[in-house]
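Reviewing the structure listed below.
The values are calculated or read from the model by the stated rules, or taken from the named source; none is laboratory data. Note that the structure is predicted; figures quoted are calculated from it, not measured. Glycine gets a Cβ as well: all are built from the backbone with ideal geometry, and neighbour counts include every protein chain shown. Each accessible area value is taken on the protein alone, full model and side chains, heavy atoms only, with ligands, DNA and RNA left out. Shrake-Rupley method; radii C 1.70, N 1.55, O 1.52, S 1.80 Å.
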Amino acid sequence: MIFCSLQSGSCGNAQFIQYKNTKILIDAGLNGKQTALRLAAIGVNIDDLDAIILTHEHIDHISGAGVISRRHHIPIYANEATHEASHNIIKDIGKENRRFFDGEFYIKDLFIKPFSIMHDAVDPVGFAIYGNKKISVITDTGIITDTMKEESRHSHLYYIEANHDPNMLEYGSYSRALKNRVKGEYGHLSNMDAGEFLIEASSNKLSHAVLGHLSYENNNEHLCYETVNELLNRAGLELDLSISHRDACGKLIDLDRI
């Protein structure tokens, strides 16, 4: 089972997952050309994608979805509220490419369980994705709820948001209203939130964690990595920890080569 972040952050989000011959994107916030180039860099042809699955309707997660779907005949899966809220951006992709989920579903070899997250969108979700391993995607959420913990437990890999450093946010250029939004329960997780969650979620199955959706103004890769890694070290937790870059592919992780 393979995971690779093609990009993550306010300029665009797209995460690639493969199991056997099933290939999907979680979100499609890059344009079609950049998505194809990032996939080609890891040896994947964009025409071979089986689906795009949306977490929520914010433009940094859906801006490329409509064009990619139409051009490459790739279905877009989302819950009903997200499909409706995305319509002005995604536009007409045809009934055959507009797929709805309301609970767990399959895409070929992958079994996918959506679960609710806490963000200022109409019906945002994270995903627990099962092949021969389990990958959990938790991004764009202000807090970690008991439901998120339960649905994602015993994961082999977490793709988890580490959006901001609280001090950088507090003393940065954002307005007070925007600062309150980011750190509120419907906003984004901090570096420490991500680290503390990984410690709580650790199990004998967990081997990898990818930190995503880093803020350009309120975080940086070195600080994010060091903050989370220090928390993990203090807890005696050894993980393969990596960063999802804001403008490039992240690490290609093959969970079958652990």
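Given R0 = 22 Å, the distance between the Cβ atoms of ALA235 and ARG257 translates into a calculated FRET efficiency of 0.30. Ignoring ligands, DNA and RNA, what percent of the 1.4 Å accessible area of the chain is carbon and sulfur? Heavy-atom surface of the chain belonging to carbon and sulfur, 1.4 Å probe: 47 percent.
Could you tell me what % of all Cα pairs in the chain have separations over 24 Å?
Values: 14009 of 33153 pairs.
Here the long-distance tail beyond 24 Å is 42 percent of all Cα pairs in the chain.
For the stretch 158-258, the Kirkwood estimate of the hydrodynamic radius, built from every pair of different alpha carbons, is 14.1 Å. The P(r) of the stretch 168-223 has a tail past 15 Å containing 55 percent of all C-alpha pairs.
Calculate, for the chain, the solvent-accessible area per residue in square angstrom, rolling a 1.4 angstrom probe over the heavy atoms of the protein chains. Could the numbers behind the result be given before it?
Details: 11210 Å² over 258 residues.
Here the residues of the chain average 43 Å² of exposed surface.
If both residues of a DSSP beta bridge must be in the chain, then about 55% of such bridges are antiparallel. If you take the alpha carbon radius of gyration of the stretch 105-187 and divide it by 2.2 N^0.38 Å, what ratio comes out, to two decimals? So the stretch 105-187 has a normalised radius of gyration of 1.27. Taking only the Cα atoms of the stretch 1-123, the ratio Rg/Rh comes out at 0.92, with Rh defined as the Kirkwood radius. Taking 7 Å steps out from each Cα toward its Cβ at SER10 and ARG98 produces label points 3.1 nm apart. When Rg and the Kirkwood radius Rh are both evaluated on Cα atoms of the stretch 10-79, their ratio Rg/Rh stands at 0.92.
Report, in listed order, any pair from LYS23/LYS95; LYS108/LYS133; LYS149/LYS205; LYS149/LYS179; LYS33/LYS113; LYS113/LYS149 with a Cα-Cα distance greater than 18 Å. Violating the 18 Å Cα-Cα cut-off are LYS23/LYS95; LYS149/LYS179; LYS33/LYS113. Considering every alpha-carbon pair of the stretch 45-88, the percent of pairs per 10 Å bin, from zero through the bin containing the longest distance, is 29, 58, 13, 0.
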